[in-house]
Amino acid sequence: MATTARPQFARSLRLGLLIAATIGVATGLFAWQQVNDERRIDLEDVNRRAHVLAQQLSRTVEKALTRPDAQAREALRPRLDGYSRLIGYAVFRPDGRLVAAGKAVAEFSDRLEPAAKRAAQTGADAHEFTRFQGAPIHVFAIPLKDADGSAQGVLVVAHDVSYIDERATGRLVSYGFWVLIVTLLAVMLVVGTTWFTYERPLHKLADWMRRLRTENVSEAPPPGLPSALLRSETDRLAASFRAARSTGRRLSRAAMHAEQVWTRDRLRAHAIHALGEDRQLIVVSNREPYMHQLRDGKPYMIMPAGGLVTSLDPVLQACGGVWIAHGGGDADRETADASGRLTVPPDDARYTLRRVWLTREEEQGYYYGFSNEGLWPLCHLAHERPVFRAADWEYYRQANQRFADAVIEEIGDGKAVVLVQDYQLALVPQMLKAVRPDLRVGLFWHIPWPNPEAFRICPWGAELLTGMLGADLVGFHLQQYCNNFLDTVDRVLESRLDWDHFAVELKGRVSRVRPFPISVQNWAERKVPAGEDLAHQITALKAQHKIEGAYIAVGVDRIDYTKGLPERFRAVGRFLEKYPQYRGRFTFVELGAPSRTHLRRYRDHIAQLEALADEINWKYQTNGWKPIHFLAAHHDAKTVHAFLRMASMCIVSSLHDGMNLVAKEYVAAQESHEGVLILSEFAGAARELADALIINPYDTEQFADAIRYGMEMDPAERRARMERMYRTVEEHNIYRWAAGFLTELAATRAAALDEAT
Ligand code: F6P
């Protein structure tokens, strides 16, 4: 699960806003105080000025007041007008009678009387504010006395002080602006500092730790951690992880012996040792490796499509044993003995196939219902809603019990190693251990394991996990699925998890959880045509299906909505639209094996694909050439091989796939290292086949461009890529997979016995 940076950033932002709000309020209050102080100083200033002006004029006014009013007015007139902010003067007798006033002052002389009277009565200076026509006016009055000290009159000075308020408002705006700037800077500083110094490095550290645990990363811890102690501890953590991993790799390499390539014979010899001489090998799966169907009234044998059969048949052929599976073919009963047994392969008996019979209701509820409408979409992230029905669950339990009973019956009183296969039989391990705790049981899960959140929606999740944990060893294709599985167990069950050893202890029994990327056998071992026979077969197939075009690409799939087939067809259409020069030259052949067609979703999917292929063909086809050949039918191994050899390119575009063995089958068919593989990043195989052209199937443009790139790839690059992939598949073949699984299972059991004694 990828961690997201957004919540942490939001936290930094919140912190920043909080600190900024505090700073904003504090600086705002300070600014307010400052403006008030400055206003007070301005007022004191005007008071002082008024006092000085009054003093300057007082002598003249005192002299004038010794005369009668008319003469005094006449003498003072030229002296009482103001200029600029000084509006002017007014002179009053001690009783408040106006003697004379400047022109501007005369208009509001009545408003000066209260100050004049107060000065006359108290004999002291008086000042106050009044307003005239909305403007604030400062009034300053001084009492005047004659030579013998008795009150003679009052001189009033009036100033327009609107400029003080204007100045205060201006200062307020200017301070407000700076408060805003300081606040914004504070937000940026706090957010930036906490984000870059703490949140981002810690987020990166968490991400790195997650990848260290889940993806085997080799890079150093992220730089810029906020504390030296943290830095040194993460360095140590990385080093110990790397050491543990390389020890693990060394041990597994030693366990797998020194030679690189595992063969059928080598596995056979190894199996005898790993199983123990007296133990037989039992494989149990839903799908049988050889199915008999009626054709023209006669039984006809097919090997069903799907990775499980492709991978396990060679193992059984190498080791011998019994494969227990559902007899689902309509001629299965008549081709088996009374107890459902037959030896296979039919022309070269190597092991026993034991068929289990299910009623129609059981097949419906257990296989189509719970397994394929419930668990299949649950485990694949392909945007298909899982359906869980109580009745299906009951049939699932019942059918699992039938398979478990068949296993117990086959083993009798003997000893055995039982390899339970896949999601259809999750309860079988526990059912086996309930009656035979001595059995060595492994479970291999062939499809992805989802994260705990996705798994939670399964109403019987706890029972399912308990059933699986009956196995001594639980295998998945990828480490990531193992991690998801342990996370899920941790959330759902009361159990003890040992992350160091990837093990779960449930009710005193330990199950180990390990990745085993499954693989294929070499084509040379299968009886497929080679040389001239192959060339004739290819010519015949091209003629039969009217395949024209110099460049052929192929896809081979069970027709399933997880395989990304509509996305693939659309990418082919887009490729031809974008690069018209390839029309008539590029042909895509899809070998689609109809699957689970009893379910409507699967029938609809076939119809959707046919319509889409028709639509694209209709748009681009010319006389004799069409871009998409959708061959929806069962194709045997020889035919599949011939198409894989015929094709210059193979396209695998799964939306989600545990492994996808078609990718490996194609690579294994490229002995001369010529082909190009386009591979979805959402298929497990992409981890091992990094030299494929890795695509996101949902990205049609990128997908179409990858087709072009593959076609035009420099031959040297193409061969180098394919050769590396060929070596990978050759070395990590199905025999190595089986040997690894059996070795680990034997070790698991031995460890358990050691602990018990
Ligand atoms: O890759 C293996 C697999 O996908 C199994 O999980 C599945 O059982 C099989 O191939 C094919 O499906 P079915 O058995 O339903 O035909």
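Summary of values
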{"item": "Residue match in segment 489-505 (condition: closer than 22 Å to residue 374 by Cβ, surrounded by fewer than 23 Cβ atoms within 10 Å (Cβ to Cβ) and not aliphatic (A, V, I, L, M))", "result": "yes"}
{"item": "Residue within segment 99-109 that is small (Gly, Ala, Ser), modelled with pLDDT under 90 and not in a helix (DSSP H, G or I) present", "result": "no"}
{"item": "Pairs, first in contact (Cβ under 8 Å) with a residue 40 or more places away in the chain and charged (D, E, K, R) in segment 81-99, second crowded, with 16+ Cβ neighbours inside 10 Å and in a strand (DSSP E or B), C-beta under 7 Å, six or more apart", "result": "85/159; 85/160; 93/99; 93/153"}
{"item": "Some residue of segment 345-360 being part of a loop (DSSP other than H, G, I, E, B), charged (D, E, K, R), farther than 25 Å from residue 599 by Cα and modelled with pLDDT of 95 or more", "result": "yes"}
{"item": "Scan of segment 280-306 for residues that are of a type in the set (A, V, I, L, M) and more than 8 Å from the ligand (Cβ to nearest atom), ordered by number", "result": "281, 282, 283, 284, 291, 294, 301, 302, 303"}
{"item": "Identity of the residue in segment 44-65, closer than 25 Å to residue 136 by Cβ and acidic (Asp, Glu), that ends up surrounded by the fewest Cβ atoms within 10 Å (Cβ to Cβ)", "result": "44"}
{"item": "Qualifying residue in segment 15-27 (condition: farther than 30 Å from residue 171 by Cβ and either in contact with a Gly (Cβ under 6 Å, 6 or more places away or on another chain) or surrounded by 12 or more Cβ atoms within 10 Å (Cβ to Cβ) (or both))", "result": "yes"}
{"item": "Selected residue (criterion: nearest to the ligand (Cβ to nearest atom)) from residues of segment 631-672 that are surrounded by fewer than 24 Cβ atoms within 10 Å (Cβ to Cβ) and of a type in the set (Lys, Arg)", "result": "638"}
{"item": "Hits in segment 268-305 - residues which are assigned to a strand (DSSP E or B), surrounded by 13 or more Cβ atoms within 10 Å (Cβ to Cβ) and among the charged types (D, E, K, R)", "result": "279"}
{"item": "Segment 307-340: number of residues that are without any contact (Cβ under 8 Å) to a residue 24 or more places away in the chain, within 13 Å of the ligand (Cβ to nearest atom) and either not β-branched (Val, Ile, Thr) or not in a helix (DSSP H, G or I) (or both)", "result": "0"}
{"item": "Residue in segment 518-563 that is nearest to the ligand (Cβ to nearest atom), counting only those that are surrounded by 17 or more Cβ atoms within 10 Å (Cβ to Cβ), part of a helix (DSSP H, G or I) and among the polar types (S, T, N, Q)", "result": "562"}
{"item": "Count of residues meeting criterion [touching a residue at least 40 places away in the same chain (Cβ under 8 Å) and part of a strand (DSSP E or B)] in segment 592-622", "result": "2"}
{"item": "Any chance residue 60 is polar (S, T, N, Q) and touching a helix residue (DSSP H, G or I) at 6+ places or on another chain (Cβ under 9 Å)", "result": "yes"}
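The values are calculated or read from the model by the stated rules, or taken from the named source; none is laboratory data. If you're wondering where the values come from, they're calculated on a predicted model, not measured in any experiment. Here Cβ is always computed from backbone atoms with ideal geometry, including for glycine, and neighbour counts include all displayed protein chains.
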